1. Averaged across the residues of A:86-99, what count of C-beta atoms belonging to other chains lies within 10 Å of each residue's C-beta?
2. Would you mind computing Rg(Cα) / (2.2 N^0.38 Å) for the protein assembly as shown, counting N as its residues?
3. Please arrange B:53, B:79, B:124 by how many other C-beta atoms lie within 10 Å of their C-beta, fewest to most.
4. Using the beta-carbon distance between residue A:423 and residue A:518 and R0 = 25 Å, what value does 1/(1 + (r/R0)^6) give for FRET efficiency, to the nearest 0.05?
5. Projecting each Cα onto the charge dipole of the protein assembly as shown (Lys/Arg +1, Asp/Glu -1 at the beta carbon, about the Cα centre), which of B:443, B:398, A:525 comes out farthest on the positive side?
6. Checking the a/c ratio against 1.5 first, then a/b against b/c, what shape does the Cα gyration tensor give for the stretch B:374-497?
7. Counting only C-alpha contacts under 8 Å and six or more residues apart, can you give the relative contact order of the stretch B:6-203 as a whole percent?
8. Given a Förster distance of 22 Å, report the FRET efficiency between residue A:17 and residue B:21 from their Cβ-Cβ distance, rounded to the nearest 0.05.
Amino acid sequence: MSLRIKRAVGAVVFLLLVVFVIGWIQNAVTPKYDWPVHNRRSYKSIRGAFVEPGNSLDAIYLGTSQTFCSISPMDIYDASHIRSYNLASIGQRVPVAYYLLKGILHRQSPKLVVIDASGFFYTEEELLVPGKWEEMVDSLPMSCYREKLDMMKDIAVMQNRQDDWEYLISALLPLLRYHSDYRVEEDAFQRLYMSQPYQRKGYVATYDFIAVDPEEIRTAEAMLDVNDAYANDDDNREVLEGCIAANEPYLEKLRDLCREHGAELAFMKVPVCANTRARGYWSANKHALTQAMADRLGVKFLDMCYEDLGMDWQFDAFDGGIHVNHRGARKITARLLDWMQQEFDLSSEPNAKVDTEWDHQSEIWASEVEYLDLELEHELLGFLDRVQKGDYTLFTTVSGGIGEYWSDEAQQRFREVTGSTLDLRDAENAAYIGVSSHGAIIEERRDSKACAIEGTLADGLRYKATSNKAYGKRSGMVDIWGTDYAPDARGIHFVVYDNNLRCVVDAICFDTSTEQLKAVQETRYQYVMRQKLIEYVHRRM
Amino acid sequence: MNIVSLLYLAFVAVVALAYFITPRRLRWVTLLVASVANYLSYDLKLAVWMFITSVTIYVGGLLIDRQEQKYAAQIKARTDLDRSGKRALKKQNERAKRRWAALVAAVNIAIWVIFKFADLFITTLNKYLSGNLSLWHLMLPLGISFYTLQAISYVVDLSRGKCEVQRNYFKLLLWLCFFPQMLQGPICRYRETAPQLYEPHDFDYRRVKFGMQRMLWGYFKKLVIADRVVKVSEKVFGNSGNYQGLVFVIGALAYTIQIYADFSGGMDIISGAAEILGVNMPVNFERPYFSKSISEYWRRWHITLGAWFRDYVFYPLSISKWAQKLTTSLRKRLGPNIAKMIPTYLAMVLVWMLNGIWHGAGWQFVAFGMYQGILIVLGMQFEPVFDWVIAKLKINTSCFSWRLWQMLRTLALIMGGRIIFKASGLYEAMRIGWSILKVHNIWIFTDGTLFKLGLNAWELFLLFVAVLVLLTVSILQEKGYHIREAIERQNLVFRWLLYIAAIATVILFGVYGPSYDAAGFVYAGF
Amino acid sequence: MEELLKILSGICPKVDFVNEKKLIDDGILDSFDIISIVNELNEHYDIEIDVDDLEPDNFNTVEAMLELIEKLQNE
């Protein structure tokens, strides 16, 4: 081989190597976050839609975070075998929704596209928050390169930087934007690849119940009332008209795009109870404007804000009524399914292969839901029921005395679930600690003042726990591997350790000095648990 | 296009490809087309001025050449002349040639002065004569400070008989606007660079490889070091009212690192690109921060600019008739030794003033130049005193520690100059200097102030490592190692690993690319 | 030659003019030294060293300087 050929081959091989390394770096630094674990971006959810088998989806949902917290496609599938996907993303602007839909329509031919009206009221200024676009540009797979470029071009024009050549090309080479992100995002190098179908189908299940203050709950009637106390400055009809007018061309494009692909477009509004002081509130003005838009475009509109879905805002929302948690989502999803079945024909040819895949994912989803239900349980007896069913180790500690509302029934169930031999009823002014698993007590202690235990479980789990009859800061602790998981409130604390996931999966305190046994959640366990759950799901996929 | 952009890389690649596939005879035309296209891509209208300059030196060159030929013919025809007659004729010829050169230089300097100083002049006028003239807000033609100097050097060299006239306008144009260097130098001499541009170069694997390596090294300096440390210097000098004492020392150090990495990195990119095309650019930086005195520093920093001022301002001024007359008239009053020095010192101070003005329109740049000039003059004047002290204290001056002390001392003086250069004004520079002397806030290293100067701990660490790499390479170069040749001798696996690591470092740790909206990045409720 | 060396050592006593062969290229003489030397030579030999002659080649060695002086004297 002559030197020239050798060098030429060498140069080509080297170049390929460089391209490979750059590609790897790009993959590593591009964010792949999943909301709410990382509290940002919806990359995984969006990408998941593009790994679904071709032409297998019957319906697509678009919208904002309110939408992806509210509609669970897997629950719809379980109830009806309708296969759908939730393509909503954080603060999704209508034009962004348009491009996402355009991208997914390369692979899928849904019969129905439902877009949530929560994103219709961004002001023109808010429409061009670049981050909201860039996230979705990067979430689209490379096969949608045209949509990526078009989105980048649009947002560049809006920012008046269409000459910024590198910005435009960063649609396809996100490395240009993200190469220095490694120091912002702690685990940017984790989970480099994602190719498996996403069993939640774009739905984001949330598992907190940060209860809405009953005073703040806005009923449907209140929301319909134009003179509603909350419907103040923000809820200005003229401003809102301007907002929806700015979105109208995009909504028209969206409708036409659906028509071209033989799909029907529909509007919906998932329920909220947020007031105007929070973002994402709903009002009679917004309803009327959306209805007018729906009429003008000739699409159907389901406004679930004014329907009685049996929402219990005290426990169905996780952040004061802007977003619902999984318990709320179930109710909303059921209502949407009901409406879809009534108004649209979504029947499709059965596809055994795809159905098998979905059934498998449904099973995984079901096991995930068990955890969600445990976390969302806010009633003492219900909680004890759920603990009894799973493979858990339960830590119990009492802080500030057991309290007068610890009933006979509670005592009875507690004994059955934990195997405790001690009676807590006369321990009103005493300390108590218990460790149990599968209905058998491992260790328990009672003391008239304070007590503490320390030990190691069979699987090597090291724990410490304290209890004190006097209530004070950290008077009841459950320390596992150096982290105190107890909610640190007055009453009886439970910390649930999952023997399979090998992590804490719930931590709750029931205030037995109040009649309603008010539940307080401690969320410190959640980050680790979400990671473990993701690993668990990936193992089973 | 910016030399730190993907577009520039693509441009260099395309030009190189086009260059090597054009027929040898026309290769210089490829360079010309690329260079003109590159220049026009910035600003079509302002580009006119560069073309005007190129025409002036072309015509000026032809006129000088005509004069030279006239003289040659005269000498041939007048065989009757004796030595002094020939001498007179030669003098006459020289004067004529220099007149042409001076005319061309004057035209170009006038253009440059108008563009650069119109606003400063009007502002000053308004201030002192309470006038109300509006500012012109002229946009500077890109690279004007560099190509004007290059243009002048051509006609002056021609008049001095140091280079051949160029009769092909387009070839001259190519030399004036050769794309890799026309925006930030180095300032080339016609005699050295032009022939390389016209001569066809064949594809040389090794040279192209070396060129790319040099570009990569330049990108490392520019993107990883300069564009990172710039955050510190901008923060400190941009909000100098908020800081005091040692923070300014850190700021000055940051700016000292930044400006070197930025400028010399740019030179590496430019020289690398030119090297790929077979053109060797003159050396512009020779590890200036290892200098042991200010005058040595200026021989190693922006070498081509210093050389330009030396050859076209300092030399002619200090050995001019005017200087000789001044010496003679001072001799009686001040004695022969000092009388000889005075004109030279004056010339030097003038050169440094011009050097300062060249850097920017403003009094602080004049002060910056004067600072350098005065330091050099003082250094020379007090050399005997220093020697005496060294001898008295029996200091060993042939060891490393003494050289290190000299380097650090020089670096400190340079940093002083940087403060004058970078501060928002002359007064502010003085305030900063005073604060450094007065406030000794050593605690900024422990109370977290350090991490609030634009870079967090991790970024500072990264910067530290990068500067360490730069320092190591510089020391090796200083010791005479040829890094690229040394790498060439290594095994393939090691070489490739090194290249890929270097590329990955620049890609991952470089500061570049369109930044995305930080506000949109944070989850904002919904 | 001896005469020239004497003049040069008078201006720059620290420089080894006999053995250094790259006085300019190695930066041993700076532009300031050059000017001093030129002034001294002009005066001593009654010649006129012009800017054109301020080339490194003319000042790198003592021999080169001598050559330059002789050339100018013969002009």
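Laboratory data are not the source of any read-out in this text; all were calculated from the coordinates shown. Here the structure is a predicted model, which means the values were calculated and not measured. As a convention, Cβ positions derive from the backbone with ideal geometry for all residues, glycine included, and neighbour counts pool all protein chains shown.
1. Rounded to a whole number, the mean comes out at 1.
2. Relative to the rule-of-thumb radius for its length, the protein assembly as shown sits at 1.25.
3. Fewest-to-most Cβ neighbours within 10 Å comes out as B:79, B:124, B:53.
4. 0.60
5. B:398
6. It comes out oblate by the Cα gyration axes.
7. 34 percent
8. E(calc), rounded to 0.05, equals 0.30.
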